[in-house]
Structure formats: structure tokens, C-alpha cells
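J.: Just dropping this structure here.
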Amino acid sequence: MLPSANTYEELREKFQWDIPEFFNIGVDICDKWADKHAAREALIFAEEEGPTTTYTFGDLKKLSNQLANLLVSQGINRGDRVGILLPQAPETAFSHIAIHKLGGISIPLFSLFGEEALEYRLGNSGAKALITNNAGAEKLAKIRSSLPELELILNIEGTDFGTRSLHAEMAEQSHDFTPVKTKAEDPAIIIYTSGTTGQPKGALHAHRTLLGHLPGVEMPHNMFPKEGDRFWTPADWAWIGGLIDVLLPSLHHGVTVVACRFKKFSGEAAFQLMQDLKIRNAFIPPTALKMMRQVENPSDRWNYSLRSLGSGGEALGAELIQWGRDTFGLTISEFYGQTECNLVVSTCAELMETRPGVTGKAVPGFDVQIVDDNGTILETGQLGNIGVRAPNPIMFLQYWNNPEATKKKFSGDFLITGDKGVMDKDGWIQFVGRDDDVITSSGYRIGPGEIEDCLLKHDAVAMAGVIGKPDKLRTEIVKAYIVLKEGIEPSDELAKELSEFVKQRLAAHEYPRELEFVEALPMTTTGKVIRRELRARAIDEEV
Ligand code: ATP
Ligand code: MG
């Protein structure tokens, strides 16, 4: 946990890692608490317009022990991979715990993945078992024949589609289980990247990843945990942002996590949940915040009271920070990282004067620098690769089954994120864009984030995606794809107005020379704009 400090500098100075030789995520987030405080509330599971159920740490221990016994009885052992294809649910939480306790490797999978996405990830990871529901089982039935290593499918809803009943079979198992003694360095989780730039890669993480994440969770959440904290995220627990930035660290600290199954996520439903379940801490990615921002006068309609709100995964931008102040009376903290090495840059409103639009400073315990392609540190103010010095406790072990890609990810002493940024003399790091997203126009290097943020300030705009479109004269021109707020009609006048809006606020070379209205932007399941698809679209239009 972070030491107490009055300033960011003091915090950085005082902080020291303390990673034990032996560490097991399942024991740490469950048995550690259950053995002393079995009745402590661990999880509240809410179904939209349905019942709300509470699980204590004692409940999670019993359930995870039964599942661990069941898996072991079916030949699942240390080092085996087990997929979890479920939305936020108690079964998702205790499945992770059970897999870790038996020394296995869990593979979180988005419940919205289609057959192809599942086939790729399950095949690539060589999963031996899968825990899912009816919707997942139906998809699996169609691809099972191409997954020879997958021996067992446990279904939380019954036995349809040739699956076996998780709950019925668990009920016959003992409540006691002796966890495998794992080293902090042993593999624990394969989590696939979002696939924004190409095929997703399976980042293999060690048990220590949870400890490595703690400073980067505590900082944006204003020294989490504090008395009365209760954490919720709309981000799926299959994503590192939901799993290792919210679920695992909360349970590590003994803080209650709220899990919610929305019929369909909406801004209204989010405010309603915050009120009803008295949420105190939330991680809400920018895309979800943009949806919430479309709800009018939320503070008149709901009675919510957040203590901390963190966001990341995409640039947050000044406009959302301002909206956050007006809506929640607090400063949204931004954090930055990636599946391979998450939560290494952050802001913390309690410790520093934040600069809206600037990504943040290195989280204590991490050395983040702007480096060239050889891993040499660049001078202050120069645009280069955002690099993270290795090793450190949050760093992934390797890409599963892909030593070449693993090797390519590092240069010199640094992990090369594949993102471009600049750092100022005070250590503020500005994310400029992914390698491919940075726009080169008339000799300028332009990040799409700043233009998207500016467009968002216009009353008519709900979402914006900005790219560089190839241009003979200027190398590239700035092109913006715009999703308008509900009820607003696209027109040539509005397009002109928006271009002009950016020109006046940013710079003449940054305004979108082309602007197109669209119904929706192409997004990954984690809510990231897939700009490479917009680029391909822009090129196609030319032909
Ligand atoms: P793939 O690696 O498969 O292309 P991905 O990089 O989108 O997918 P993730 O690991 O989920 O997969 O996302 C990490 C990336 O998200 C970062 O490398 C960065 O580009 C972006 N990102 C994360 N946080 C921020 C932030 N605060 N501001 C801007 N971009 C961010
Ligand atoms: Mg990536």
C-alpha cells in the first residue's frame, strides 16, 4: 500500500516495493479475509430490475473451494488454462479465485465475443476447461470440434448444448481445499489485449501483478481504500481495467465490489446504480462517461455521492474532466497503461494540481520515460515512445506462445508501449497517440486526442474519432468522424461550424479539413475507437 504523504514527490520518494517470494491471488483476495472475517461483505450482485444478492468472504471461500475441488477432480491442475466466459457475476469472481488456488491460469473472456474471437483465444491459450453460461455454451457448441484441448465446459445455467452443470456438480464437493503454494512470479492470468491495432495478444501475468497494480489503483482513487469505500465499474471483468484495476484490488483490501448485470448499459442506468447501491468509487472508461454525459441534469434526478472516479484506456480530455466536476463535484483521475503493463501513469486530485488534458505522472514504483526506438531516453519536450523500465512488479511475463512478439516489445531497458508521448520538466507525461494514430500534416505531428476532445466541447457532439487521411499535398489531412447527440440533424452548415470551432480553439493546422457524420464509431469491446478502421474507410472512399 502507498505510504502516507502530502505531495506526489514525497510519495515517490517514500515508496518501496515489497513483493514476497510466495503469493497467490486467490488466497490473497479471498481466504486471507475469510479466515479472520468470514462475515465481511465482499460482493454485491445486482441485476437491473432484479434482485440484489450479497456474498461474504466466507461465501466466496466456500464456493471457490468447491469449484477448485471439482476442477481438480476433472484433471485440471497447476499450470492448466481455464477460460471464464461470463459477464460480471459472482461465478466470475469465485472462478478466478478457484483457478488461482489450484495453481491454474485463468483466461478472462468477454461474454460478447463471437465464435471467431473465442476460437482464436481458446485455441491460442490451449484452454483445457471453460466456465460459461447458456449464451456462451451455444457459441461453443459451434466451435468445439476445432478445440481439441478443451475437455470440459461447465455451465452456470444448466446442461444445455452438451455442457455440464457447474452448480450441481459443485454441490457435491467438499468445502475445504488446500491452496497450491505459488510463487509471486508464477503465471496466473492470460489476458488478451483489445486488438485495436491487429490480432489480440495473450499477455501472461504472474500472481505478483495484483501487488504491482496497487499503487496505480490507490493513486487515481485518492488513496484508496478509505472508510466506507465501495467500488463499481461498468467495464467488463474480462478486461484488465475491470479485473485487475477494480475487482482484484478491492477484494485484496477487503473492500466491497458491486457487480451489475445491465440489460443494456446506459447513462441513466449508471446513475441509478450509483444511487441505489451507494457507490463510492468507480472506474468508468471515457466512452461510458461520454454516454453518461448525454443525460441531462443528473444531479437533480439522482442522489449519488462518489469519493473517487478514475478513467483511462483512452484519452480522457479536458471536456470530460470539466463535466465530472460539474456532475460529481470531484476531479476525475486519469490513468494510463496497457494490458502488458498497466497503471503506470496517473493523476491524483488529492496530491497534485491536475492539468486537464495532460495524461499524468509516473505512478510511484515505476520509471516511465520518453525513449527512442533503441530505448535511449530523449530530452524533455521531445516526442518519442512512451517506455516503461523493466523489470517491475506489474510487467507481464510474456506473450503466450509468442516469444518473437515478446522480444520485440522491449528495447534496451524499456518496454516500448507502442504509444507516442512527450514529457515536460516536471515529469508530466502527455499521451499523444498510438504509433499509427499520430497524424503527420504539412510537417506537423498531431495527436488525434486533442482534436477529439475539442470537438466534444461542441454542444452537438456525442463522440468523435479523428484520423489522418492520406493527402498528396500535405502527407495527411485531419479527418473527423462525428456521432451527433440524439435529436441533432447532420448538415453541411454544422460540419462547417464544427471545423471552424476547432480552428478557432486549437490551431489552423489542426482543424478537420474533412468531416463526416456517422451513426456510430468502430469500437473494440473495451470501448476503444478503432482508428485503423476509420483510416481504411477514408482511403476506400477515395477510390
Ligand atoms: P492491441 O495491443 O491488441 O492493439 P490495445 O493496445 O488497445 O490493443 P489495451 O492493452 O487494452 O489494448 O489498451 C492499451 C492502450 O490503450 C494503450 O497502449 C494506449 O494506446 C491506450 N490507452 C490506455 N490508457 C490511455 C490514456 N489514459 N490515454 C490515452 N490512451 C490510453
Ligand atoms: Mg496494445
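The values are calculated or read from the model by the stated rules, or taken from the named source; none is laboratory data. Small disclaimer: the values here were computed from a predicted structure and weren't measured. Every residue, glycine as well, gets a Cβ built from its backbone with ideal geometry; the counts of neighbours run over all protein chains shown. For accessibility, only protein heavy atoms count, side chains too; no ligands or nucleic acids. Shrake-Rupley method; radii C 1.70, N 1.55, O 1.52, S 1.80 Å.
J.: How much accessible area per residue does region 166-302 have, counting only protein heavy atoms and a probe of 1.4 Å, in square angstrom?
T.: Roughly 33 Å² per residue, with all protein chains present.
J.: Name the shape class, rounded, prolate or oblate, that the alpha-carbon gyration tensor gives for region 1-63, where a ≥ b ≥ c are the square roots of its eigenvalues, rounded holds for a/c under 1.5, and otherwise prolate holds if a/b is larger than b/c and oblate otherwise.
T.: In terms of gyration-tensor shape, oblate.
J.: From the phi of every residue in region 3-13, what ³J(HN,Hα) in whole Hz does the Karplus formula 6.51 cos²θ - 1.76 cosθ + 1.60 yield, where θ is phi - 60° and glycine or proline is x?
T.: x, 6, 7, 9, 10, 4, 4, 5, 4, 4, 5
J.: Farthest toward the dipole's positive end in region 409-543, which of Val438, Thr525, Leu456, given Cβ charges of +1 (Lys, Arg) and -1 (Asp, Glu) about the Cα centre?
T.: About the Cα centre, the residue reaching furthest to the positive side is Val438.
J.: Could you give the length gained by full extension between Ala508 and Leu330, i.e. 0.36 nm per residue of separation minus their alpha carbon distance, to one decimal place?
T.: Between Ala508 and Leu330, full extension yields an extra 60.7 nm.
J.: Restricting to bridges with both residues inside the chain, how much of the DSSP beta-bridge set is antiparallel, in percent to the nearest 5?
T.: Taking every DSSP beta bridge with both residues in the chain, the antiparallel ones total about 60 percent.
J.: Which lysines, if any, have their Cα less than 16 Å from the Cα of Lys278, not counting same-chain residues under 8 positions apart?
T.: By straight Cα distance, Lys278 reaches Lys226.
J.: Give me the Debye-computed log₁₀ of I(q)/I(0) at q = 0.06, 0.10 Å⁻¹ for the chain, equal point scatterers on Cα only, no solvent, two decimals.
T.: -0.28, -0.82
J.: Give the shape of region 171-309 as rounded, prolate or oblate, defined through the alpha-carbon gyration tensor: a ≥ b ≥ c are the square roots of its eigenvalues, a/c under 1.5 means rounded, and otherwise the shape is prolate if a/b is larger than b/c and oblate if not.
T.: prolate
J.: Give me the percent of the accessible area of the chain that comes from carbon and sulfur atoms, probe 1.4 Å, all protein chains in place.
T.: 46
J.: Give me the extension gain from Asp367 to Lys226: residue separation times 0.36 nm, minus the current Cα-Cα distance, reported in nm with one decimal.
T.: Here the answer is 48.1 nm.
J.: Pick out, in residue order, every one of the GluC sites (Glu not before Pro) in region 186-277 that is DSSP loop and has at most 11 other C-beta atoms within 10 Å; say none if there are none.
T.: Here the sparse-neighbourhood loop sites are Glu227.
J.: What angle do you read, to the nearest 10 degrees and between 0 and 90, between the alpha-carbon axis of helix 57-73 and the longest principal axis of the chain?
T.: 70
J.: Follow-up question, since we're still on this one. Over region 102-258, what is the percentage of antiparallel beta bridges among all DSSP beta bridges, to the nearest 5?
T.: 35
J.: Right, here's the next one. Restricting to DSSP H runs of at least four residues, report the calculated mean residue ellipticity at 222 nm for the chain, -39500 (n - 2.57) per run over all residues, nearest 500 deg cm²/dmol.
T.: Counting only the DSSP helices, I get -8000 deg cm²/dmol.
J.: Along Cα→Cβ, 7 Å out, is where each label goes; now give me the distance between the ones at Asp435 and Trp17 in nm to one decimal.
T.: Between Asp435 and Trp17, the simple spin-label model gives 2.5 nm.
J.: Helix 267-276: angle to the longest alpha-carbon principal axis of the chain, degrees 0 to 90, nearest 10?
T.: Orientation of helix 267-276: about 50 degrees from the principal axis.
J.: Distance between the C-alpha centers of region 113-134 and region 447-501? Whole Å please.
T.: Comparing the Cα centres of region 113-134 and region 447-501, I get a distance of 38 Å.
J.: Ok, one more. For the chain, with the dipole built from +1 on Lys and Arg beta-carbon atoms and -1 on Asp and Glu ones, taken about the Cα centre, which of Leu112, Ala270, Tyr511 lies farthest toward the positive end?
T.: Leu112
J.: Given points 7 Å out from each Cα along the Cα-Cβ axis, report the Ile488 to Thr376 separation in nanometres with one decimal.
T.: Placing both labels 7 Å along Cα→Cβ, they lie 4.7 nm apart.
J.: Let me cross-check Val483: its accessible surface, 1.4 Å probe, with only protein heavy atoms counted, in Å² to the nearest 10?
T.: Probe radius 1.4 Å; accessible area of Val483 about 20 Å².
J.: Separate question: Taking the Cα centroid of region 1-52 and of region 140-187, what is the distance between the two, rounded to the nearest whole Å?
T.: 26
J.: Find how much the distance from Asp276 to Glu185 grows on full extension, using 0.36 nm per residue of separation minus their present alpha carbon separation; answer in nm with one decimal.
T.: Gain in length upon complete extension: 28.7 nm.
J.: How far is helix 317-328 tilted, in degrees, relative to the longest principal axis of the Cα atoms in the chain, given as a value from 0 to 90 rounded to the nearest 10?
T.: So the helix axis and the longest Cα principal axis differ by about 60 degrees.
J.: Would you please give the FRET efficiency between Phe410 and Ser299, computed as 1/(1 + (r/R0)^6) with r the Cβ-Cβ distance and R0 = 41 Å, to the nearest 0.05?
T.: That pair, Phe410 with Ser299, gives E of 0.30.
J.: Let me ask something else. Quick one: Karplus J couplings for region 350-361, per residue in order, coefficients 6.51, -1.76, 1.60, θ = phi - 60°, nearest Hz, x for Gly and Pro?
T.: 6, 10, 8, 6, 7, 10, x, x, 9, 4, x, 10
J.: Could you do me a favour and compute the accessible area per residue for region 69-154, 1.4 Å probe, result in Å²?
T.: 30
J.: Please list 335-344, 350-359, 292-301 highest first by mean number of surrounding beta-carbon atoms within 10 Å per residue.
T.: The most tightly packed comes first, giving 335-344, 350-359, 292-301.
J.: Between Val518 and Ala171, what's the calculated FRET efficiency when r is the beta-carbon distance and R0 is 35 Å? Round to 0.05.
T.: 0.10
J.: Please list 3J(HN,Hα) in residue order for region 477-492, calculated via the Karplus relation 6.51 cos²θ - 1.76 cosθ + 1.60 where θ = phi - 60°; whole Hz, with x for glycine and proline.
T.: 3J(HN,Hα) across region 477-492, in whole Hz: 10, 6, 10, 10, 9, 10, 9, 7, 5, 4, x, 9, 8, x, 7, 4.
J.: Roughly how many Å² is the accessible area per residue of region 411-516, as a whole number, for a 1.4 Å probe?
T.: Result: 46 Å² per residue.
J.: Suppose every Lys and Arg Cβ carries +1 and every Asp and Glu Cβ carries -1, with no other charges. What dipole size does the chain come out with about its Cα centre, to the nearest 20 debye?
T.: 820
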